[in-house]
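For reference, the structure is listed below as structure tokens.
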Amino acid sequence: MEQPVTVAIIEDHPVVAEGVASWIRSDPGQRVRLVQTAGDLTGLRAVSRPSADVVILDLELSGELVTAQIPGLVAAGYRVVAFSGHSDPAIVMETLDNGAHAYVSKEEGRDYLVKAVLAAAADRPYVTRSQARAMLADQRPARPALSEQERQALLLWFQGMSKASVGRRMSISENTVRQYISRARAKYAATGRTAPSKDALLARAIEDGVIKPGEIVPYKSFARVAADRPSLDAPGR
Amino acid sequence: MTAVQPTAMMSGRYQRAFTIAVIFLVAGWHLAGAGGQLLRDRSAYGSFAFQGAMWLVMALAITAGSVLILRGAPGWRPAWAVAVIALAASTAAAAASPAGQMLAVNWAWGSAGWTGVLVLLRRRFAELAWFLAAEALATLGVQVWDGLHRTDLAGFLAVLAWSTGAQVAVAAGVRALDVAAGQAAAAAQSEHAARERAATAETIRAARHARWLALQESAVPLVAELAAGTADPGHAQVRVRCAVQAARLRRLLAEGDEVPGSLVHELYASADVAERRGVAVEIETAGPLPQVPAPARRVITDAAIAILTAAHSQARITLAAVAAGIAVSFVADTGAVVRLPAAGEGVAIEQQQDDGMLWAEARWNSR
């Protein structure tokens, strides 16, 4: 059996941290193990090696937005899943651009947080409805070009359909729906500032056949992704 | 309230003023400058009648050019037709001038250049440059044909420098003013938009305050009952009450200044009614939403009411900007297909039923 994914919760409200812990405990497969809970980031900064595979990060700690701390966490080898009450698309986009693997709003936590943590641990994308919303609302000039099919899959998922229903609506398989959504997410990983977590997401997406290197060329050369790939197998990642 | 001046209209008014100024300049030059010289040197020309005819042709070209430019930026065909007529008239006038004195008695070079400035004013700058170069070359060609002396060349360069220089300067100045007018109009427009946003924010704030007051009557007693132990969280009915109040609180928090526009607020109102029936309603928007005209809004809100009435316990409403319109969707546990209002007013409605969950989408297209 595979080792459970280790996770740290950074959350300044103990009752929310307790709730997240209970979602992790109630996962039938016990696929995630909670190793650390803290109210701020100082504990994570102090250690030289990442103390958990994934950090569940509340974006607002003691009244301050901590999106700017994400690049530091990512550089230290953590995979970040943002968990926040802020569903403003601009904040979601900034979170992803700074290198977070996924964004989960507090309303979505029960349904998606454990799934998002598992996906992040494997460097696979997980797109929540609030994240799909931010991608659909994205008006920035540097946004990636999504195909008609990718947009439609994102739109129906945002609207609240299950992925199986999205598939029936679009006359494609549920698996293809996941492919479209993952590909849209991978295109985002290829834009904006560089981060090792984005490279890892892209490399895995290429490995999984979700996206072809040619489809991300305008924003980032494949050579760069390929050059970063060996580090995936290095210890500590 | 004053009517909104669209940015384009405001900067268009400034542009028209600049255009009229240029027309006065060009017409004034042709009448007083070129016309004066023509009369003063009338005895020097081989045929004064021919020079007068060319002057009239040029005057007609300037009139045609003024009409064109006042009607808006002319296309390349009419603009260049006028420019070529001016070029031909000035070359003919130069060629008919007495050899050796051509530059001294030439009235046409300046007029032709100004006519070019007039008709090519709002076209690419390169076109005007090409025209002025062609005009200068044609005049130089006539001079070479007559036999060019060193003193003639110096005169040619002097006239070229001051006349073409002035023409380029005016064209560049108008261009700069156009840009400045565009910026000024955009600034005024954004100021207006800011005022409108502030008014919307105030409306939203008032609505939020009203909803907060309503919470005092619904959510606060529920919390009090839970705290006192008189309401049992294990009881299904209490859980439904909690779900409804939680949805209402979330909407209260999510309702921001980013979502002005009456369609959203009409949907909020429909959601309020459903919540009183015990249905938890979420409303989310994606992207800057277009304004939907009232008849189309009515079709969409009728669909919302039909679906929310049929929902058993939960409904999600989303509004997303799509190409040329808006997609309003509903996902609700209606258990069966819902009779929806007929499509119309540019709104297309579709629905799909999956395991007791209804998905319906009303898509309004502005085209």
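All conditions in (1) within 30 Å of residue A:93 (Cβ to Cβ); (2) within 34 Å of the chain's Cα centre (by Cα); (3) at pLDDT 80 or above hold for residue B:281, with the sole exception of (2). Might you let me know whether segment B:132-143 holds any residue that is among the aliphatic types (A, V, I, L, M) and within 28 Å of the chain's Cα centre (by Cα)? No, that holds for no residue. Identification of helices (runs of 4 or more DSSP H) wholly contained in segment B:58-141 with 1 or more residues that are among the aromatic types (Phe, Trp, Tyr) and in contact (Cβ under 8 Å) with a residue 12 or more places away in the chain yields B:76-95, B:108-119. Inclusion of residue B:162 among residues that are in a helix (DSSP H, G or I), closer than 27 Å to residue B:47 by Cα and out of contact with any strand residue (DSSP E or B) (no Cβ under 7 Å at 6 or more places or on another chain) is not warranted.
Per-residue answers, yes or no, for (1) within 26 Å of residue A:131 (Cβ to Cβ); (2) of a type in the set (D, E, K, R); (3) touching a strand residue (DSSP E or B) at 6+ places or on another chain (Cβ under 8 Å):
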site	(1), (2), (3)
B:264	yes, no, yes
B:273	no, no, no
B:280	yes, no, yes
B:288	yes, no, yes
B:304	yes, no, yes
B:343	no, no, yes
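State whether the residues of segment A:64-74 include one that is among the β-branched types (Val, Ile, Thr) and under 9 Å from the mean Cα position of the chain (by Cα). For segment A:64-74, residues among the β-branched types (Val, Ile, Thr) and under 9 Å from the mean Cα position of the chain (by Cα): absent. Condition check for residue B:364 on (1) surrounded by 14 or more Cβ atoms within 10 Å (Cβ to Cβ); (2) within 25 Å of the chain's Cα centre (by Cα); (3) within 14 Å of chain A (Cβ to nearest Cβ): one failure, at (3). The number of residues in segment A:57-103 that are closer than 14 Å to residue A:10 by Cα and in a strand (DSSP E or B) comes to 12. Among the residues making up segment A:157-179, those that are within 20 Å of residue A:215 (Cα to Cα), surrounded by fewer than 23 Cβ atoms within 10 Å (Cβ to Cβ) and in contact (Cβ under 8 Å) with a residue 12 or more places away in the chain are A:178, A:179.
Considering segment A:35-56, the residues that are assigned to a helix (DSSP H, G or I) and not hydroxyl-bearing (Ser, Thr, Tyr) include one that is farthest from the other protein chains (Cβ to nearest Cβ), namely A:46. From the list B:180, B:231, B:172, B:207, pick out the single residue that is more than 30 Å from residue B:96 (Cβ to Cβ), of a type outside the set (Val, Ile, Thr) and crowded, with 16+ Cβ neighbours inside 10 Å. Step by step, each of B:180, B:231, B:172, B:207 is checked, and only B:231 is more than 30 Å from residue B:96 (Cβ to Cβ), of a type outside the set (Val, Ile, Thr) and crowded, with 16+ Cβ neighbours inside 10 Å.
Condition first: more than 23 Å from residue B:281 (Cα to Cα) and outside any helix (DSSP H, G or I). Now tell me which residues in segment A:159-177 satisfy that. Within segment A:159-177, A:171, A:172, A:173 meet the criteria. None of B:130, B:145 is out of contact with any helix residue (DSSP H, G or I) (no Cβ under 8 Å at 6 or more places or on another chain) and either polar (S, T, N, Q) or over 25 Å from residue B:36 (Cα atoms) (or both) except B:130.
The residues of segment A:104-124 that are within 14 Å of chain B (Cβ to nearest Cβ) and not in a strand (DSSP E or B), listed by number, are A:106, A:107, A:108, A:109, A:110, A:111. Within segment A:22-78, the set of residues being more than 22 Å from residue A:3 (Cα to Cα), surrounded by fewer than 16 Cβ atoms within 10 Å (Cβ to Cβ) and touching a Gly at 6+ places or on another chain (Cβ under 9 Å) comprises A:45, A:62, A:75. For segment A:125-142, filtering for residues that are within 14 Å of chain B (Cβ to nearest Cβ) and closer than 16 Å to residue A:82 by Cβ leaves 9. Restricted to segment A:145-162, and to residues that are over 18 Å from the mean Cα position of the chain (by Cα) and within 9 Å of chain B (Cβ to nearest Cβ), which residue is farthest from residue A:108 (Cα to Cα)? If we take residues in segment A:145-162 being over 18 Å from the mean Cα position of the chain (by Cα) and within 9 Å of chain B (Cβ to nearest Cβ), then A:151 is farthest from residue A:108 (Cα to Cα).
Which ones in segment A:73-103 are of a type in the set (A, V, I, L, M) and more than 14 Å from chain B (Cβ to nearest Cβ)? Correct list: A:73, A:74, A:75, A:76, A:80, A:81, A:82, A:96, A:100, A:102. Among the residues of segment B:320-331, those identified as more than 9 Å from every other protein chain (Cβ to nearest Cβ) and surrounded by 23 or more Cβ atoms within 10 Å (Cβ to Cβ) are B:326, B:328. Within segment B:280-312, being within 14 Å of chain A (Cβ to nearest Cβ) and in a loop (DSSP other than H, G, I, E, B) holds for B:287, B:288, B:289, B:290, B:311.
Those residues that are without any contact (Cβ under 8 Å) to a residue 40 or more places away in the chain and part of a loop (DSSP other than H, G, I, E, B), I need them from segment B:313-323; list them, please. The one that is without any contact (Cβ under 8 Å) to a residue 40 or more places away in the chain and part of a loop (DSSP other than H, G, I, E, B): B:323.
If I filter segment A:178-199 down to residues being outside any helix (DSSP H, G or I) and touching a Pro at 6+ places or on another chain (Cβ under 9 Å), which single residue comes out as farthest from the other protein chains (Cβ to nearest Cβ)? Out of the qualifying residues, it is A:195. On inspection, residue B:114 passes the criterion of being of a type in the set (Phe, Trp, Tyr) and closer than 18 Å to residue B:55 by Cβ.
Restricting attention to segment A:75-111 and to residues that are modelled with pLDDT of 90 or more and polar (S, T, N, Q), the residue that is nearest to the chain's Cα centre (by Cα) turns out to be A:95. So, residue B:367, is that one outside any helix (DSSP H, G or I), more than 19 Å from residue A:154 (Cβ to Cβ) and of a type in the set (D, E, K, R) or not? Taking the combined requirement at face value, the residue satisfies it.
The values are calculated or read from the model by the stated rules, or taken from the named source; none is laboratory data. Keep in mind the model is a prediction, meaning the values are calculated, not measured. Positions of Cβ are backbone-derived with ideal geometry, glycine not excepted, and every protein chain shown enters the neighbour counts.
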